[in-house]
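Right, one structure below, let's go through it.
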Amino acid sequence: MTRKDFQELLRKVNTGKASPEEEKALFEWYAAFEQEALPGDAVLTESEQEELLEDIRSKTSSTRLRNQGLKIIYKVAASLFFGGFLLLSWYVYQNHQTKEELSYSIVPKGERRRLVLSDSTIVWLNADSKLSYPEHFGNHNREITLSGEAYFEVKHDASRPFTVHTRDIDISVLGTVFDVKAYPLDQKVETSLIRGLVRVTIHNGKKSGQQVTLHPNQKFVLPNFPNADSGQANFAAEPQKMVKEAPGLQLAKETGWRNNSLSFENEQFSELVPRLERWFDIKVVVQKPEMNNLRFTGTLDNASLETVMQALMLSAHFNYRKEGDHTIVIY
């Protein structure tokens, strides 16, 4: 794989357009260097180094990384990263998680999945979500990394706090039930608390390091800046003002995706489109720009794509057509 190939594949992964096979190919590319020398055109820029480091943390489809695999990645990372600091930081990060095996799970668009972690914590992963977690948690903490949306029922363990890392926030608990929505390209990052207490720590932008505590039936909504470099995001509101009261019925609807229930309340069509794309594994092309500012409310249980589109058409004047099996054109 040439540098150009690598850049294109990494771009697709980071924008959510890569298939599970392409993500697997990127990981296998790392492993190939155990037998081959690093090609001369594979030198990476500092930005690409950061992207690769993040990408390593979030790979791939239900793949377990054994000790031999880690050695291969260390070797590749040593070849790719000019500075030893990044490699050392990643090494410490992995060992801080656990000295045991790491597992990776990716849920494709159009699917949802239930996992049980080694501490008996239950996790539901929504479509187009990625989770990395230790095969066995250590003695002092329980840490996992999420990109996408997940619903957690955390097993109580006062001696080992449970922390969910995302790009922009960390969520720390001892034992509780909550939902995290952190899709990289969405306009906001949300944490909704159903039961217990959670502490949310911001680690992006000028509010980095600030914390808020959520109580049941509260949500923390952080503006997302998908096109901004990590650490460059900025927002004026104080974190405490980003906490919203959310009635239990509302949270029940929002987390109903676990039971194949699609719910949206006063949601702009521009925000609903990516949800539909993930839910049905489709591409939506909007040829009627004024649609993006319309808002929709509804709950549809076990509904087909056709049923959802017909329901939306009842609220707005538009037509649509299917192009192939995976494209919807709205006009």
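The values are calculated or read from the model by the stated rules, or taken from the named source; none is laboratory data. These numbers were taken from a predicted model, which means no experiment stands behind them. Note that each Cβ is placed from the backbone with ideal geometry, even for glycine, and that neighbours are counted across all protein chains shown. Keep in mind that these areas ignore ligands, DNA and RNA; they rest on the heavy atoms of the full protein, side chains included. Shrake-Rupley method; radii C 1.70, N 1.55, O 1.52, S 1.80 Å.
Couple of notes before you dig in:
- Matching residues, the range 299-325, being under 15 Å from LEU272 (Cα atoms) and among the β-branched types (Val, Ile, Thr): THR299, VAL308
Table: residues versus (1) hydrophobic (A, V, I, L, M, F, W, C); (2) touching a Cys at 6+ places or on another chain (Cβ under 9 Å); (3) in a loop (DSSP other than H, G, I, E, B).
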residue	(1), (2), (3)
TYR104	no, no, no
GLU111	no, no, yes
ASP119	no, no, yes
LYS130	no, no, no
TYR133	no, no, no
ILE144	yes, no, no
ALA150	yes, no, no
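For (1) in contact with a helix residue (DSSP H, G or I) (Cβ under 9 Å, 6 or more places away or on another chain); (2) surrounded by fewer than 16 Cβ atoms within 10 Å (Cβ to Cβ); (3) assigned to a strand (DSSP E or B); (4) modelled with pLDDT of 95 or more, each residue gets a yes or a no:
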| position | (1), (2), (3), (4) |
| --- | --- |
| TYR91 | yes, yes, no, no |
| ASN139 | no, yes, no, no |
| VAL164 | no, no, yes, yes |
| ILE171 | no, no, yes, yes |
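- In the range 197-231, the residues that are open to solvent by less than 60 Å² (accessible area, probe 1.4 Å), modelled with pLDDT under 90 and either under 18 Å from the mean Cα position of the chain (by Cα) or acidic (Asp, Glu) (or both): ASN204, PRO223, ASN224, PRO226, ALA228, GLY231
- The residues of the range 113-127 that are farther than 19 Å from SER192 by Cα and touching a residue at least 40 places away in the same chain (Cβ under 8 Å) amount to a single one, ASP119.
- All positions within the range 198-217 that are out of contact with any Leu (no Cβ under 7 Å at 6 or more places or on another chain) and assigned to a loop (DSSP other than H, G, I, E, B): HIS203, ASN204, GLY205, LYS206, LYS207, SER208, GLY209, GLN210
- Leading residue by the ranking (least open to solvent (accessible area, probe 1.4 Å)) among those in the range 173-193 that are over 23 Å from LYS206 (Cβ atoms) and of a type in the set (Gly, Ala, Ser): SER192
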